[in-house]
1. Calculate, for Leu77 and Asp312, the FRET efficiency according to 1/(1 + (r/R0)^6) with r their C-beta to C-beta distance and R0 25 Å; round to the nearest 0.05.
2. Against the longest principal axis of the chain, how steep is helix 222-234, in degrees 0 to 90 to the nearest 10, with axes from Cα atoms?
3. Once you place label points 7 Å from the Cα toward the Cβ at Tyr358 and Arg185, how far apart are they in nm?
4. So how much slack lies between Lys297 and Glu130, counting 0.36 nm per residue of separation and subtracting their Cα-Cα distance, in nm?
5. Within region 6-274, what percent of beta bridges assigned by DSSP are antiparallel, to the nearest 5?
6. At Arg66 and Ile195, where each label point lies 7 Å from the Cα along Cα→Cβ, what is the point-to-point distance in nanometres?
7. Going Cα to Cα from Lys348, which aspartates and glutamates come in below 20 Å? Please leave out same-chain ones fewer than 8 positions away.
8. Please list 300-308, 165-173 highest first by mean number of surrounding beta-carbon atoms within 10 Å per residue.
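Derivation of every value follows stated rules applied to the coordinates shown; laboratory data play no part. A quick note: this is a predicted structure, and the numbers were derived from the prediction, not measured. A quick note on method: Cβ atoms are made from the backbone with ideal geometry, for glycine too, and the neighbour counts reach across all protein chains shown.
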Amino acid sequence: MSITDTAQLATARRLVVKVGSALLVERDAPRTDWLASLAADLAMLRANGVEVIVVSSGAIALGAARLGLPRGGRGSLADAQAAASVGQVQLARLWSEALGAHGLVAAQILVTIGDLEDRRRYLNASATLERLVEARAVPVVNENDSVATEEIRFGDNDRLAARVAQAAGADAVLLLSDVDGLYDRSPLLPGATLIERVAGVTPDIIAMADGGSSSGLGSGGMLAKLQAARIAERAGIAMVIANGTGQSPIAALLAGGRGTLFVPQADASARKAWLGGRLAPAGVITVDAGCVAALGKGASLLAPGMTEVHGDFARGDLVAMHGPQGERLGQGLVEYTGAECRAILGLKQDEQAARLGYAPRAAVIHRDHMVRE
């Protein structure tokens, strides 16, 4: 279904609800009363026929409190991994008890970025989510921070929630946070205005983002939420940012509470949506102005338009495309290795064979394996 109003979240077929660390943990202790009220909201949605998936932060904050680690467990990668290992046990128990009080079964799923970046593993995760929902369990998903590294991780559960929504075929994502939504400037500044509806995450919208996490507990911020919105809108999924700090936050939102709705902008094929949502390109190809114009008309990326190649990538890897000023144009699956791309940089097709030693392929990145920003 197409969701064009926050009240329609109550009629979604499948909804992903993301819960931030600042909502679950306060002064090193879990907010059990608040979690109980949220569980009641989720049970209400389930009773109304909405299939619910939860993406929950909080493991690092909970584990850091239990271990007595400084800076909420984020002082170092080792601290974060240790805190996550301890906190994930507590987090799973909290969700199991809160949902169990309403007769709901919680199912824990821990994922790494590779589980959703690799196509086969993505499809496996999708099948698992589907089966759990069919069995009327409530999947509770979190990044597996105990093994994730700084270089290979989502880094925030906002983007993870959007990717989970893709994998689960959800209609909408609700990001519950400690902010009301997207403001036209920092909400701490005088005159800041809440943007209630966004029809496409443009550069002007991105410019409104405040990159920090106001609580200091989480790893996201408004920029991460806007990146999540871009993933969602490309897949035809609505997304809402709303303040979840009060009791029964979903019921409050449905009753007319404030928030920002990001309206879906496209309904890409499943493969294109997966490709557009991938977050870890293996390299960057910079192109000239003529190539930018051609790409804008739906063309493939060809060697004559390339001006720079960065990264040691293999054929079939995900590679980002940048314009002459460094602006991001999109990303796609490359047909050559990084070394081969550098070898044919700027060459016309009849010159490429001599450099490569074999007949060149039709494109460096074919338009069928490419998504534009």
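1. FRET efficiency, Leu77 to Asp312: 0.60.
2. Taking Cα atoms only, the helix is inclined about 70 degrees.
3. Between Tyr358 and Arg185, the simple spin-label model gives 5.7 nm.
4. Details: separation 167, 0.36 × 167 = 60.12 nm, distance 3.69 nm.
Result for the pair: 56.4 nm of gain on full extension.
5. Once the DSSP bridges in region 6-274 are tallied, antiparallel ones form about 20 percent.
6. Between Arg66 and Ile195, the label points sit 3.9 nm apart.
7. Those aspartates and glutamates meeting the cut-off are Asp288, Glu308, Glu335, Glu340.
8. Going from most to least packed, we get 165-173, 300-308.
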